[in-house]
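So the structure is just underneath, and the comments pick up after that.
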């Protein structure tokens, strides 16, 4: 194996007590922003800093063209690791069918192995025309970035996974000046064109196995898309640590998601039971569908919300607690640093969404100290029914510019999405979930995937013959499927019958 060794100055971790970095951002000065809890971890597993041992391969395994009823999305690229596809091909293909059914977008799937970050970027670029975003299934290699971290005292060099590298398809110049396989210089407009989301349980340690965890997540994600999860489209929660409780953006920007009056906001000075137990109870309550948490954190734990010395929330506690909220914005240092997963706590974002006790589908957060701020553009986009991936891109394109590019880089360059970037928090099947469908002939105007979904029954009663076109894939998903008369599925075509059916899942 060919290795690149990063030599960095590592200083003894300093407890800051009441000494904090002060940084002006927008119109606010966020005093006491970081403390010793937020220090970035040491260099992680060497596999993320080395070339793979084998030869890079990629193979296109699915290509579903855009349908006539596509709306908010045009094309999504799914890149899946070979080991994952070998074990979960049915669940992974089902994910592609669900996304195509819901959005009408083209879904292209590529299987990869022994990839470098340059390989993945080139693969994305090859599909960039009309591309909205990309989903990574499995432990796809990250692009690592290092810089003098001007927002952290006592840590002169930080190194972190930087998915912005994959999101930026035009105008950005990314360099590795010292040729150690780690990016170290960027120039450009810092506005990405596509979203990236990662779904992988490879770094959840002993909490759950990779294949078991992925199957569990893809199953609950499928149930969300076909309506087997009640959606109220109505209430968000902002839960804010004592250090940020004085800033309106933390307390009230989430109002743009569901509208004024459709959110609750708690911080130490306005809530007598504010703290660990209260927070764990609230995220395990179906009342809140989207939660924003602001807390000092490491990649394995949230540190006391109220400034005390105890009551940390460890990742395994979130994993076992249960989570009913569907989405999270974690303003929590390194919460999305998946490469640091340990044997006992995994990593925070994974603890929220990969537990068998969790309904959560997606977390936006950072792989390093820093995060999203302010939040209003992000929630405005989510509130329009856009996906969490689209909302993050919109936020990037509409954020308030900073006066210091080095601060901007260190503050935002760790932002990523853990979970399904196609999740939206207005997904309602009431309008599309029909009780019954009767089909008299095969609809050849559809894309090569025809997906029929009902709550009660699908009946095929052809006047002549119901013949699936050559090389088409037809899916009937209903508790009852009845096929009458002449039915033909030629060699090269396929028919899939599922019995979950859809449900009217939205509170109106």
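A few remarks follow.
- Three-way shape label, the stretch 204-419, alpha-carbon gyration tensor, a/c 1.5: rounded
- Fewest neighbouring Cβ atoms within 10 Å first, the residues 368, 233 line up as 233, 368.
- Helix content alone sets the calculated 222 nm mean residue ellipticity of the chain: runs of n ≥ 4 DSSP H residues at -39500 (n - 2.57) each, divided across all residues, give -6000 deg cm²/dmol.
- Cβ-based exposure ranking for 225, 267, in which fewest neighbours within 10 Å come first: 267, 225
- Using C-alpha pairs below 8 Å separated by at least 6 residues, the relative contact order for the chain is 14 percent.
- Treating each Cα of the chain as an identical point scatterer and summing with the Debye formula, the log10 of I(q)/I(0) at q = 0.06 Å⁻¹ comes to -0.28.
- Computed over the stretch 434-498: relative contact order in percent, which uses C-alpha pairs under 8 Å that are six or more apart: 33
- Least to most buried among 348, 152, 439 (fewest other Cβ within 10 Å first): 439, 152, 348
- The alpha carbon centroids of the stretch 60-105 and the stretch 441-460 are separated by 18 Å.
Values quoted throughout were computed directly from the atomic coordinates according to the rules given, and no laboratory measurement underlies them. Fair warning: this is a prediction, and the values are worked out from it, not measured in the lab. Methodologically, a virtual Cβ is constructed for each residue, glycine included, from the backbone with ideal geometry; neighbour enumeration extends over all protein chains shown.
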